[in-house]
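The block underneath contains the structure these notes are about, expressed in structure tokens.
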Amino acid sequence: RDQPRSRGLGDVYKRQTLLAVPDATGTPGAVNSVFAGNIGPTYRDMVHNPVVPSAMESVTVSILAEDYQDVASMKLKYAVAGGAFQSVNMNDVGGGRYEGNIPAQSTSAIVQFYVEGVDSQGAVSTFPAAGAESRALYKVQDNQARTGSQIHNFRIIMTSDDAEMMFDPTKIMSNGRIGSTVIYNESEVFYDVGTRAAGSNAARGEINAARINFNVRFDSMRLFRGVHRTVAIDRSGHGMVRDSQDEILMKHIGNRAGNIPYQYDDLTYFIAPQSRFNRPAQLLLARQSDVFLDSQFDNGSEGTVFKFDIPYVPTNTDGGSEGSKLPSPYSHPGPHMDLQDLGDDKEFYRAHYYIRNNRRQDDYTQIIKMAKTFELTGTALEVAAYNVIDVDQWTRTFALLSLIGWLDAITQHPSNHNIKFYVRPSDHKVLALPWDWDYAYRQPTSSPLIGGSGNSSRT
């Protein structure tokens, strides 16, 4: 597990917190506290059909159930629009597969379901495992998906109560995940995934704005496209056309340029838990995760990614100083750090360089070396830089930033942020990775590489 870390409101401070761990953990070779002699039937391959039914169609739920003590009975439990659960018997159709039918429901109705099995010794189990607290869902046809287009549909289904809770202004900044179901292209189903809102206060703070994003975590036994444990829905485009997704063009340019490690993402039409958030979006796949790093570099996931950012501190509550914090309005209290020497103690860097992977190592060694290097000038800087950063890679990245006219990024924004740094494991040099560059084509072609006050003059 990752090392615990303490965080203050708005990331004003951060520090590592080490917790005492018992010398003896677990019970290898012995019965532990969760042992059960009989857990009831086990399950796999649950599907419902049709995936998106019309108001005139019943839905068949099918699942494989197995048990050494034999399966005595199977029931299908379902609830419509948050109502009470109803139960129907499931029939053995051969090969260990059981089927049950949910009656036709009205247009746009959300149906939650799970199965319950009993073995010959009376042991009961459910699938998904949390039963009524799980979120296997489908929605009766609402005609919100786009048809006749090559763009993918990505639909997240939640119960109405869950969606209302997630979009509550006092909860919208939570990274706690809420149970949901994803339906991809109206045909491929991922049950009981975890969904949360994503983005900074700027994205989540104005809940009715077009900028709110989403992050989905899939079951480790059923990854998205067979590869991704998490994906993100990025709706926050700010390029030439407001709310467009032209950032993906920047990613293609960066990938074609070479030596600018950039993502290969996709476009999607996003069908949200609440229709007011439906719109085209970027489907962010590997991002700068271990999947991405291992595909770009030898043993890439052994290197650490740091996000260079600024604090977002809310300035209002819903009930005074002891009330819940509201995400907006907010401020960016200073001082806003440049790439500068903050001393030898990594705790002084923690609030500005957020570790995104390999948190257990908690290694800031190369970041501190980089920061100290950028305090140098002239020939000393030139000589030292080649030992600490990949100079060619950095110059290509910042040439791309200047060429495309980004506004809200390091060197171009009054507050330095929207960049990631990666310590390449092969030589421990630091790379500059483009991140969240969606304010494309916002600077004039004559603008300098270093723009505005308070920007990173060192780059």
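The values are calculated or read from the model by the stated rules, or taken from the named source; none is laboratory data. Since this is a predicted model, take the numbers as computed values, not measurements. Neighbour counts are summed over all protein chains in view; Cβ atoms, including those assigned to glycine, are modelled from backbone coordinates with ideal geometry. SASA here: full protein model, heavy atoms, side chains in, ligands and nucleic acids out. Shrake-Rupley method; radii C 1.70, N 1.55, O 1.52, S 1.80 Å.
Find how much the distance from Asp168 to Thr317 grows on full extension, using 0.36 nm per residue of separation minus their present alpha carbon separation; answer in nm with one decimal.
In short, 52.3 nm is gained.
Rounded to the nearest 10 degrees, what's the angle between the helix 247-257 long axis and the longest principal axis of the chain, both from Cα atoms, 0 to 90?
Computed tilt is about 60 degrees.
Would you mind getting the Kirkwood hydrodynamic radius of segment 24-143 from its Cα pairs, rounded to one decimal in Å?
About 15.5 Å for segment 24-143.
Helix-only mean residue ellipticity at 222 nm, the chain, DSSP H runs n ≥ 4 weighted -39,500 (n - 2.57), per residue, nearest 500. What is it?
-4000 deg cm²/dmol
For segment 303-380 and segment 40-82, write down the distance between their C-alpha centroids in whole Å.
Comparing the Cα centres of segment 303-380 and segment 40-82, I get a distance of 48 Å.
Efficiency by 1/(1 + (r/R0)^6): what FRET value for Ala209 and Asp392, r their Cβ-Cβ distance, R0 = 41 Å, to the nearest 0.05?
The formula returns an efficiency of 0.60 here.
Within segment 415-435, what residues put their amide N at less than 17 Å from the label point 7 Å along the Cα-to-Cβ vector of Asn175?
The answer is 418-421, whose backbone nitrogens lie closer than 17 Å to the label point.
In square angstrom, what is the accessible area per residue of segment 186-279 with a 1.4 angstrom probe?
I get 41 Å² per residue for segment 186-279.
Could you give the dipole magnitude of the chain about its Cα centre, charging the beta-carbon of Lys and Arg +1 and that of Asp and Glu -1, in debye to the nearest 20?
Around 740 debye, computed over the chain.
For Val383 and Ser108, calculate 0.36 nm times their separation in residues minus their Cα-Cα distance, and state this gained length in nm to one decimal.
92.6 nm
Taking one equal scatterer on every alpha-carbon of segment 181-318, how large is log10 of I(q)/I(0) by Debye at q = 0.15 1/Å?
Log10 I(q)/I(0), no solvent term: -0.89.
Restricting attention to the alpha-carbon atoms of segment 371-410, what are Rg (one decimal) and Dmax (integer), both in Å?
Both quantities, over Cα of segment 371-410: 12.0, 31 Å.
Just order 80-87, 275-282, 36-43 by mean Cβ neighbour count inside 10 Å, highest at the front, would you?
275-282, 36-43, 80-87
May I have the convex hull volume per residue, in Å³, for the Cα set of the chain?
Taking the convex hull of the Cα positions in the chain, it is 193 Å³ per residue.
For segment 92-160 and segment 173-208, what is the separation of their Cα centres, given in Å?
Each part reduced to its Cα centre gives a spacing of 18 Å.
Could you work out the percent of alpha carbon pairs in segment 137-239 separated by over 24 Å, rounded to a whole number?
Of all Cα-Cα pairs in segment 137-239, 25 percent lie more than 24 Å apart.
In debye, nearest 20, what is the charge dipole magnitude of segment 62-171 about its Cα centre with +1 on Lys and Arg Cβ and -1 on Asp and Glu Cβ, if you could check?
So the dipole magnitude of segment 62-171 works out to roughly 460 debye.
Need one number: the % of Cα-Cα pairs in segment 295-430 sitting beyond the 26 Å mark.
Result: 33 percent of Cα pairs exceed 26 Å.
State, to one decimal in nm², a quarter of the convex hull surface area for the C-alpha atoms of segment 241-372, i.e. the direction-averaged projected area.
So the Cα hull casts an average projection of 12.2 nm².
Using a probe of 1.4 angstrom, how much of the accessible area of segment 250-300 is carbon and sulfur, in percent?
About 47 percent, which is the carbon plus sulfur part of the accessible surface.
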